[in-house]
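Read the figures in this text as sums done on the coordinates, not as results from a lab. Quick caveat, the model's predicted, so the values are computed rather than measured. Cβ placement follows ideal geometry from the backbone for every residue including glycine, while neighbour counts extend to all protein chains displayed.
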Amino acid sequence: MTRVVVTGVGIVSCFGRGRAAALEAMRSGRSGIRRLTSIDASDLNCRIGGEVPPRALDGQRSGHDRFTRLALIAAHEAAEMADYDADEVDGDRVGVMIGSGLGGCETVEANYRRLYESGATRVPPTVIAWSMYNAATSAVSSAHRARGVSFAVVSACASSAHAIGLACQAIRSGQADVMFAGGSDAPLVPGVIRAWEALRVLAIDNEHPERACRPFSLDRRGLVLAEGAAVLILESRELARRRGAKAVGEICGFGATSDAGHLTDPSAAGAARAMAAALSDGGLSPWDIGYINAHGTGTPANDATETTAIKQVFGEHARGVPVSSTKSMHGHAMGASGALEIACSLLALNDGVLPPTLNLGERDPACDLDYVAEGARVGRVRTFLSNSFGFGGMNAVLALRTAMAAE
């Protein structure tokens, strides 16, 4: 089977623009969750989120929705890291898959306001093009002259994990030589926040936003919405070696399942089958896994269910494998979360540290694994899992090797 390596990583998140900001946060256990400033949140119950700092978008032209601008920034950084040059590759063999859970929220919100609040009878002709779910994929494809297999992936909070898994399969099957794969979402607009408030799953601590997200803790109260983007450059190991590109990781297993059940209540069985499928696809056993980046939303239902699923798959090894939720630092970036968490995990693990789970106080008896609660932990990991579970019962799990095992 063709081995698919990661040669480029690009991130823009509440930590700031670029890999360095994200790695520093993983090392120090620094939360990027803060009071919202990009919108008027004064009438909202929840006034916090994982908001990308304004300066992180400096130099990015405004001719797109915010989620597309974030994707372009991340893709550009990934291409630079991979030493990708569109003039030196066959663009017909380069593809793009960017997952998004909500698409162009900024554009939709602004134009609903134009129609229903301001009384306008017309909207700009750009509304459809900027708000469609594939806008980010199309923009990245155009910017990097990628003319191969390209499409958007939409599966709620599993979108970008599915995108990376499908991009890996495109290279394995011979459809593509190089793939830009990841996710982007920018849901921090009043209408979306109101909708999440209605679900009663938001963690609201407007006075201490950095403490709001508490995955696996007995007093956890819910998730914290966030925005951001992460894009990986994937290519066959053979091509990377011919180009002289350094592999910073490898996608070695992908598992995807559906709960085929409740729209919002997670299923331990569905999550467990996705983890088992990722291990099987990668030819791995539970004992090969040295770390799990959990979906870890901080909601009562997810964290206990995910813990149960891990124990079902890992058996006696479950309590011996470190697990953490980086959402405790960057919040829940919807469809971008899987890619963001994979990117942060790769950076941290290649640096010799395991990312921590912040704000874990008294343990929930139903959450009894090693959640790296004492801060970033020094350690060397060769292979890890990243879990992503979305509303509608959409599950995607990726198994990855770090740089030391990818060469």
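Under the rule a/c < 1.5 gives rounded, and otherwise a/b versus b/c splits prolate from oblate, where does the stretch 247-367 land using the Cα gyration tensor?
Rounded, since a/c falls under 1.5.
Kindly write out, for the stretch 192-197 in residue order, the coupling ³J(HN,Hα) from the Karplus curve 6.51 cos²θ - 1.76 cosθ + 1.60 (θ = phi - 60°), rounded to whole Hz, with x marking Gly and Pro.
5, 4, 4, 5, 5, 4
Please arrange Tyr371, Tyr112 by how many other C-beta atoms lie within 10 Å of their C-beta, fewest to most.
Tyr112, Tyr371
Using a simple charge model, +1 on the beta-carbon of Lys and Arg, -1 on the beta-carbon of Asp and Glu, nothing else, what dipole does the chain show about its Cα centre, in debye to the nearest 20?
220 debye
Given the options Gly95, Gly338, Gly315, which has the most mean-square fluctuation in a GNM of the chain, springs set between C-alpha atoms less than 10 angstrom apart?
Gly315
Would you mind classifying the stretch 307-407 by shape? Square roots of the alpha carbon gyration tensor eigenvalues, ordered a ≥ b ≥ c; an a/c under 1.5 is rounded, otherwise it is prolate if a/b is larger than b/c and oblate if not.
Rounded, since a/c falls under 1.5.
Tally Lys and Arg at +1 and Asp and Glu at -1 over the other residues with C-beta under 14 Å from the C-beta of Gly379: what net charge comes out?
Numbers: positive: Arg27, Arg377, Arg380, Arg382; negative: Asp351, Asp370, Glu374.
Every neighbour counted, the sum reads +1.
Give me the distance between the Cα centres of the stretch 191-270 and the stretch 110-157, rounded to whole Å.
Value for the Cα centre distance between the two parts: 22 Å.
Suppose only helical runs count, i.e. DSSP H with n ≥ 4. What mean residue ellipticity at 222 nm does that imply for the chain under -39500 (n - 2.57) per run, divided by all residues and rounded to the nearest 500 deg cm²/dmol?
Numbers: 13 runs with 131 residues, N = 407.
Estimated from H runs of four or more residues: -9500 deg cm²/dmol.
Using Cβ counts within 10 Å as a stand-in for footprinting exposure, how do Tyr116, Tyr291 rank, fewest first?
Final ranking by Cβ density, sparse to dense: Tyr116, Tyr291.
In nm, give the distance between the simple-model label positions of Arg241 and Glu88, each being 7 Å from the Cα along the Cα-to-Cβ direction.
Going from the Arg241 label point to the Glu88 one covers 1.8 nm.
Kindly put Ser31, Ser325, Ser173 in sequence by how many other C-beta atoms sit within 10 Å of each C-beta, fewest to most.
In order of increasing Cβ crowding within 10 Å: Ser173, Ser31, Ser325.
Of Ser258, Ala143, Ile33, which is farthest towards the positive pole of the chain's charge dipole, taken about the Cα centre with +1 and -1 on the beta-carbons of Lys, Arg and Asp, Glu respectively?
Positive-end residue among those listed: Ala143.
With just the Cα atoms defining each centre, how far is the stretch 7-59 from the stretch 310-361? Give it in Å.
Answer, in whole Å: 18.
Using a Gaussian network model of the chain with C-alpha springs under 10 Å, which one of Gly390, Gly352, Gly296 is most mobile by mean-square fluctuation?
Gly352
Output ³J(HN,Hα) for the stretch 246-255: one whole-Hz value per residue in order, computed from phi by the Karplus curve 6.51 cos²θ - 1.76 cosθ + 1.60 with θ = phi - 60°, and x for Gly and Pro.
Using θ = phi - 60°, the values come out as 7, 7, 9, x, 9, 7, 10, x, 9, x Hz.
Place a +1 charge on the Cβ of each Lys and Arg in the stretch 187-228 and a -1 charge on the Cβ of each Asp and Glu, then give the dipole magnitude about the Cα centre in debye, rounded to the nearest 20. All intermediate terms of the calculation are to be shown ahead of the outcome.
Working: 6 positive and 6 negative charges, 37 e Å.
My answer is approximately 180 debye.
Rounded, prolate or oblate: pick one for the stretch 4-130, where a ≥ b ≥ c are the square roots of the eigenvalues of its C-alpha gyration tensor, a/c under 1.5 means rounded, and failing that, prolate if a/b is larger than b/c, else oblate.
Oblate.
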